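The values are calculated or read from the model by the stated rules, or taken from the named source; none is laboratory data. Worth saying up front: this structure is predicted, and the values here are computed from it rather than measured. So basically every Cβ, Gly included, is an ideal-geometry build from the backbone, and we count neighbours across all protein chains shown. Remember, those area values only see protein heavy atoms, side chains included, never the ligands or the DNA or RNA. Shrake-Rupley method; radii C 1.70, N 1.55, O 1.52, S 1.80 Å.
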Amino acid sequence: MSATRDSAVPNPPEVSNPPQVSNPAEVSNPAEVSNPAEVSNPPEVANPAEVSPPPEIREPAHAPLAHVVRGDIIEGVHHGSVVVLAADGSVQFQAGDIEAAFYPRSALKPLQAVGLLRAGLPPLDDEALALAAASHSGDERHLATARRMLATAGLTDDALRNVPDLPYGPAERDEWLRRGLGPTRLTQNCSGKHAAMVLTTLARGWRPDTYLDPDHPLQREIAATVEDLTGQRIARVTVDGCGAPLFAVSLHGLTRAAARLGTAAPDTYEGRVAHAMRTHPEMVSGVDRDTARLVRAVPGLLAKDGFEGVQIAALPDGRAVGVKIADGADRARMPVTAAALARCGVDPDVLADFAATPVIGGGAPVGALRAAGALSMPASSMPASPMHAPVSAPASTSPASPNSLSPAAS
């Protein structure tokens, strides 16, 4: 692995006052990037021999992970993949296909934040650094922090290149619309990451208006960090929903990276990002979002969700979990994550509020969505409900089945 791994911050040059842009308005219209979605070959990184080959691009062999139970009958099944890492980094449990290439979506943001620090991101306080790794809800605290980040360089949100959008949080979006306001770059849930990207380009003397180009030196440095933290080459580069380059890795590799951050020393770039995310989970998502509530419930937990049913979570001793729901259903993400954390050794009673989602009929609970098969949570940890009794799994989820939820052999 790379020698930069968990290395102490080597007295970085003073960059708390990034260079001023003489005319911020001049960065609002970037040069066009030709067909960025067609960039299929990731940029080369230094010392490629220190990471393993890229994961295979194939149709993932997902397994059943969660059942939607209505009236004691399995009404729906969510497939996906999950991996649980032990403290020594070995695979303690796996289901589905943890080695196929996939897109982590916003679960990649903690790695990108580390890459920004390595690339020269000016010093930020913990709230702002947490926002740099965030998919925020768009409340006033989030927006004020993003504005404050940009103001250190004399910029406004005109400098951002992310896609304008309404606030992500339902309550925040409703309030925004009630005020008669429309989509902006600042309210889009990735604005903290983009603000940090702009600040880094200015600190390094790079062009700030083309920072989303996969060949921009900023994105090349972030790609190198992703490969270092995951321990594998990037399989493919595309464009995320916000417009930033998105790197395909494996679920196993992404979870290894989460464990790297979770165990990092405080004086490392990885440790700084982990500390900011742990101490300000409401900045990483939102006050009432499930990932923030999970971090507050489990001492020392580092966690980040992503679109299309992705979740990572890591504990300070190296135990970590990674989840990908095949159909992208967000409703299955947290119950499966809670079950994976229980297999990881977290007290099931602590996870009870995350272990099941009610299925409603006629305005009342008539069932639940919960993890299935070998990933099932103990019945004692389920929220009190007459509809939480276990339901026999169909034969296809038996431990003897090809895609069963069985522990890894090693």
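What is the sum of charges around A113, taking Lys and Arg as +1, Asp and Glu as -1, for the other residues whose C-beta is under 11 Å from the C-beta of A113? Write down the numbers at each step before the final one.
Values: positive: K109, R118, K193, R272, K304; negative: E270.
Summing Lys and Arg as +1 and Asp and Glu as -1 gives +4.
What is the sum of charges, Lys and Arg at +1 and Asp and Glu at -1, for the other residues whose Cβ falls under 11 Å from the Cβ of P358? Mind showing how you got there, number by number?
Values: positive: R70, R331, R370; negative: none.
That sum, taken over residues with Cβ under 11 Å, equals +3.
Charge dipole (Cα centre; +1 on Lys/Arg Cβ, -1 on Asp/Glu Cβ; no other charges) of region 94-210 amounts to roughly 340 debye.
Ordering D288, D317 by how much accessible area each has at a 1.4 Å probe, largest first, what is the list? Don't skip to the end; give the middle numbers.
On the way: D288 130, D317 70 Å².
The residues order as D288, D317, largest area first.
Please list V366, V310 from largest to smallest accessible area, probe radius 1.4 Å, with all protein chains kept in place. Could you put the intermediate results ahead of the total?
Details: V366 40, V310 0 Å².
Per-residue accessible area, sorted high to low, gives V366, V310.
The string of couplings for region 111-126 from the Karplus curve (6.51, -1.76, 1.60, θ = phi - 60°) is 5, 5, 5, 4, x, 5, 4, 5, 7, x, 3, x, x, 10, 6, 4 Hz, one whole number per residue in order, with x for Gly and Pro.
Rounded to two decimals, what is the ratio between the C-alpha radius of gyration of region 131-170 and 2.2 N^0.38 Å? Don't jump to the answer; show the numbers that get you there.
Details: Rg = 10.3 Å, N = 40, 2.2 N^0.38 = 8.9 Å.
That ratio works out to 1.16.
Under a 5 Å amide H cut-off, with hydrogens placed 1.01 Å from N, G367 pairs with G71, V359 among residues at least 5 apart or on other chains. Annotation for region 243-285: trypsin sites (Lys or Arg not before Pro) lying in DSSP loop with at most 10 further Cβ atoms inside 10 Å of their Cβ do not exist. With Cα atoms defining each centre, region 212-250 and region 159-201 are spaced 22 Å apart in the structure.
Given an 8 Å cut-off on Cα distances and at least 6 residues of separation, report the relative contact order of region 38-164 as a percent. Let's see the in-between values first.
Values: 105 pairs, mean separation 19.9, N = 127.
The value is 16 percent.
Summing charges over neighbours of T145, with a neighbour being any other residue whose Cβ is under 13 Å away from its Cβ, gives -3 when K and R count +1 and D and E count -1. Amide H contacts of A326 (H built 1.01 Å from N, in plane; Pro and chain starts excluded): H79, G80, S81 sit under 5 Å, all sequence-distant by 5 or more or on other chains.
Ranked from largest, the principal axis spans of the Cα set of region 137-264 equal 47, 34, 28 Å.
Provide the per residue accessible area, probe 1.4 Å, for region 201-345, rounded to a whole number of square angstrom. If you can, show how the numbers build up before the last one.
Details: 3950 Å² over 145 residues.
Heavy-atom SASA per residue in region 201-345 reads 27 Å².
What is region 135-280's relative contact order, in percent, from Cα pairs under 8 angstrom and six or more apart in sequence? Walk me through the numbers on the way to the answer.
On the way: 181 pairs, mean separation 25.4, N = 146.
Once normalised by length, the contact order is 17 percent.
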